[in-house]
Amino acid sequence: MKRILTLVLCMSLVMTAGAAAAKTLVIGSMSPLTGPYAADGNDIANGVRTAVEVVKASGGIPGYDDIKVSAQDTACDPRQAVAAANKLMNEEVPGVVGAYCSGATIPASQTLDEESIVMITPASTNPVVTERGLKYMFRTCGRDDAQAPAALKFIAGPLGAKSIYLVDDKTTYSQGIADQLEKIAPEAGVEVLGHDHINQGDKDFSAILTKVKQANPDLFYISLQNSATGALMVIQAKRMGLDAALMGQDAVYHPQLIDIAGKDAEGMYLTFGYTDTEAPAYKEFIAAYKPKYGDPGAYSAYAYDSAMAYLKAVKKAGTTDPDAVRKAIIETDFDGASKKIDYQENGDSGSNYVIRKVEGGKFTNHWNPETGKMF
Amino acid sequence: MDYFLQQLINGVTLGGVYALIALGYTMVYGIIQLINFAHGEFFAAGGYMGVIFISWLAAQGLDPYVCLGLSLVLTMGYCALLAMAVEKLAYKPLRHASRLSVLLSALGMSIFLQNGLMLTQGVYDKPYPTEITQGGFEFGLISISYMQILIVGITAALLVGLNLLVFKTKIGKAMRATAQDKIMSGLVGINSNRIISTTFAIGAGLAAAAGIMVGLYYGSVRYDMGFVPGIKAFAAAVLGGIGNITGAMIGGLIIGMVEIFAAGYLSSEYKDVFAFIILIGVLYFRPTGIMGENVDDTRV
């Protein structure tokens, strides 16, 4: 009897807790908060938090007393990402912003989609993410299959490089982009002199750089998952006396690159989605983000826009019902902090890669592959 | 030929770093038969304390090279104290417990120290001032940076110093005696607890020196930087014959060279594979490692 009583008591407690929490909208955030990609991961979680703060400050969402963020750690690991997705499912979040690494986003989205939870990735650029016909999967950033061609356009065009040497660190994302560039480069008349791979956590690149120096390419393309590792490679390349121009992709792109590599990063080219830092939406984002979390990282604005897109859709639909939210996400276009947000039926919102260059200790817009002009 | 020489220089530099870390593993193992898994964390702590001391001393307006030398000494001292504290806290109470308990305690200490470093220093990489280490020599296609010379030089000096300490001084003799027989050395008046503590301090000091040099050479440090080099250095210690000081130096150099040559002549992604194939191969034919374990009094 006592046992049954306890059980009833427990259940009633759980139920009242559920009833009390119904007025709070909890959105999930998934990103690597620990491990080698913790820098980008925390940027993403902070971007989501900023969006929630901004929405709350401007009156919140009708029908909800409060909006909260449940930030989960994926550590950029497929298994931990699925565990994080399960945890968010148990917390009954209706929508998730994340994850960072494509290798983590792909399995986690499978789990979330089965439970009809909307997922918007701010940073996973691997094409597969939106190509599996998942109904509730959206992507704010661009796609790698747009990034490699944009890079190649610049390499073969204004840069005039005749030969390249590629290196990647074997993640779904980083190797995907290097493999594609290797494949399409000969079509543009650029010879691939070599394509090497490094291991995660490596710090010493003297052997590989000696190899690159001997091959003597016009351009050394660095496709790594981590900007700090990229910075180490840049420092060592300069110390080795490598003459080739250096180019990285959007994961090497991070303020950390310049912090660590300093002068050695000068003149390096990177592909990254075009963000108009003069636009009102970006200024609104910066005003909310900077006082609390410091300078934004590469994906802070994308995470902010992803969370904004979700919150706007919930507001428009007046419910968290996944199908209604999905419809609202596709229908709602707005000027985001990172770019113009316009999700298509397949979940993508377009790519707008431009070539940026490190000049005077800052990233500056350099060349636009769309128009073929310098900025 | 140029290519080979350049890779050889790269290999010696990396090998020197591994050797310095490997010594700590081997000395501690020699004296209390413990594989100190927290050893990689002393290396990481050294990297962080190095950049803290260097920036602080540079702010006092000291000459960069004086700064560097002073930071090296201060960092080694700091990590030596840290290691003594860790030993007292996590290993000494378990001196008479089973070896497995001490091993677990070491693993726990490693996790504790690494996460402590993450919480206090943050998840971002900490950049080292690279101005001091710019430049180098060029011989045709071969380039040797000042930093490589500095690493090899400091490593060699520390190795010579360690050898003198262990084989020519009274404390070295006491260390060797404790390693051979703790009870007997106690009977002849050697304070074995103090000797064990000293051994930890020396090992951690060498790891700290490696940490600061790695920070300078590669340009930044990160809280989890101790893990991978820790594993490699442990492999180097086993390869050379764990418990044997000369073995650790040779093992470190071999692992460093194999890695560089595998990356240089095959592919970078296979370098770890080859480093460990060498390890397995040597252990298959010589289970006690290249130099062999506890051959008379060379063990510490």
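Looking at the stretch B:11-55, which of the residues that are surrounded by fewer than 24 Cβ atoms within 10 Å (Cβ to Cβ) and within 14 Å of B:A237 (Cα to Cα) is nearest to the other protein chains (Cβ to nearest Cβ)?
Residue satisfying both the conditions and the ranking: B:F37.
Is it fair to say A:K213 is more than 23 Å from A:R356 (Cα to Cα) and part of a helix (DSSP H, G or I)? Reasoning before the result, please.
Values: more than 23 Å from A:R356 (Cα to Cα): yes; part of a helix (DSSP H, G or I): yes.
So A:K213 fits the description; yes.
Filter the stretch B:1-49 down to residues that are assigned to a loop (DSSP other than H, G, I, E, B) and of a type outside the set (A, V, I, L, M) and give me whichever is nearest to B:Q180 (Cα to Cα).
Of the residues in the stretch B:1-49, the ones assigned to a loop (DSSP other than H, G, I, E, B) are B:1, B:33-38.
From the residues that got through so far, the ones that are of a type outside the set (A, V, I, L, M) too are B:33, B:36-37.
Working: B:Q33: 11, B:N36: 19, B:F37: 22 Å.
Filtering the stretch B:1-49 for residues that are assigned to a loop (DSSP other than H, G, I, E, B) and of a type outside the set (A, V, I, L, M), the one nearest to B:Q180 (Cα to Cα) comes out as B:Q33.
When the residues of the stretch A:39-60 are filtered to those that are buried (at least 18 other Cβ atoms within 10 Å of the Cβ) and among the hydrophobic types (A, V, I, L, M, F, W, C), which remaining residue is nearest to the other protein chains (Cβ to nearest Cβ)?
Ranking the qualifying residues of the stretch A:39-60, first place goes to A:A39.
Answer with yes or no whether A:D218 is farther than 27 Å from A:A123 by Cβ, in contact (Cβ under 8 Å) with a residue 24 or more places away in the chain and away from chain B (no Cβ under 14 Å).
Here the answer is yes, as A:D218 does meet what is asked.
Which condition does A:T125 not pass, out of (1) in a loop (DSSP other than H, G, I, E, B); (2) out of contact with any Phe, Trp or Tyr (no Cβ under 7 Å at 6 or more places or on another chain); (3) touching a residue at least 12 places away in the same chain (Cβ under 8 Å), if it passes all the others?
Among (1) in a loop (DSSP other than H, G, I, E, B); (2) out of contact with any Phe, Trp or Tyr (no Cβ under 7 Å at 6 or more places or on another chain); (3) touching a residue at least 12 places away in the same chain (Cβ under 8 Å), the lone unmet condition for A:T125 is (2).
Are there any pairs, at least 6 apart or on different chains, whose C-beta atoms fall under 6 Å, with the first in the stretch A:262-277 and farther than 13 Å from A:W367 by Cα and the second of a type in the set (D, E, K, R), and if so, which?
Note: pairs meeting the criteria are A:D264/A:K238.
Would you call B:P93 modelled with pLDDT under 95 and either within 14 Å of chain A (Cβ to nearest Cβ) or closer than 21 Å to B:T13 by Cβ (or both)?
Numbers: modelled with pLDDT under 95: yes; either within 14 Å of chain A (Cβ to nearest Cβ) or closer than 21 Å to B:T13 by Cβ (or both): no.
In short, no.
When you scan the stretch B:192-224, how many residues do you find that are within 14 Å of chain A (Cβ to nearest Cβ) and of a type in the set (G, A, S)?
5
Say whether the condition of being within 23 Å of A:S29 (Cα to Cα), in contact (Cβ under 8 Å) with a residue 24 or more places away in the chain, away from chain B (no Cβ under 14 Å) and surrounded by 15 or more Cβ atoms within 10 Å (Cβ to Cβ) is met by at least one residue in the stretch A:287-298. Quick ask: steps written out before the conclusion?
Going residue by residue through the stretch A:287-298, those that are within 23 Å of A:S29 (Cα to Cα) are A:287-298.
Narrowing further to those that are in contact (Cβ under 8 Å) with a residue 24 or more places away in the chain: A:288-289, A:292-293, A:295-298.
Imposing the further condition that a residue be away from chain B (no Cβ under 14 Å) reduces the set to A:288-289, A:292.
Then drop every residue that is not surrounded by 15 or more Cβ atoms within 10 Å (Cβ to Cβ), which leaves A:288-289.
Yes, there is a match, as at least one residue in the stretch A:287-298 is within 23 Å of A:S29 (Cα to Cα), in contact (Cβ under 8 Å) with a residue 24 or more places away in the chain, away from chain B (no Cβ under 14 Å) and surrounded by 15 or more Cβ atoms within 10 Å (Cβ to Cβ).
Matching residues to (1) at pLDDT 90 or above; (2) farther than 15 Å from A:P32 by Cα:
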residue	(1), (2)
A:I44	yes, no
A:V52	yes, yes
A:P62	no, yes
A:S70	yes, no
A:D73	yes, no
A:R79	yes, no
A:V82	yes, no
A:Y100	yes, no
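In this structure, does A:F154 turn out to be aromatic (F, W, Y) and assigned to a helix (DSSP H, G or I)? Steps first, answer last, please.
Working: aromatic (F, W, Y): yes; assigned to a helix (DSSP H, G or I): yes.
The answer is yes for A:F154.
In contact (Cβ under 8 Å) with a residue 24 or more places away in the chain, away from chain B (no Cβ under 14 Å) and assigned to a strand (DSSP E or B): does that describe A:L166? Show your work before the answer.
Values: in contact (Cβ under 8 Å) with a residue 24 or more places away in the chain: yes; away from chain B (no Cβ under 14 Å): no; assigned to a strand (DSSP E or B): yes.
For A:L166, the condition - in contact (Cβ under 8 Å) with a residue 24 or more places away in the chain, away from chain B (no Cβ under 14 Å) and assigned to a strand (DSSP E or B) - is not met.
Any idea which of (1) modelled with pLDDT of 90 or more; (2) more than 14 Å from chain A (Cβ to nearest Cβ) is the one B:L62 doesn't satisfy?
Result: B:L62 passes all but (1).
So which residues in the stretch B:258-270 are within 7 Å of chain A (Cβ to nearest Cβ) and in a helix (DSSP H, G or I), if there are any at all? Explain how you work it out, then say what you get.
From the stretch B:258-270, those within 7 Å of chain A (Cβ to nearest Cβ) are B:260, B:263-264, B:267-269; that's our starting set.
If the condition is that a residue be within 7 Å of chain A (Cβ to nearest Cβ) and in a helix (DSSP H, G or I), then B:I260, B:A263, B:G264, B:S268, B:E269 are the ones that fit.
Picking from B:G215, B:G264, which residue would you name as being touching a helix residue (DSSP H, G or I) at 6+ places or on another chain (Cβ under 9 Å) and at pLDDT below 90? So that I can check it myself, show each step before the final result.
Working: B:G215 fails: at pLDDT below 90.
Unique residue meeting the criteria: B:G264.
The values are calculated or read from the model by the stated rules, or taken from the named source; none is laboratory data. Remember, it's a predicted structure, so these values are computed and weren't measured experimentally. Please note: Cβ atoms are built from the backbone with ideal geometry, for glycine as well, and neighbour counts cover all protein chains shown.
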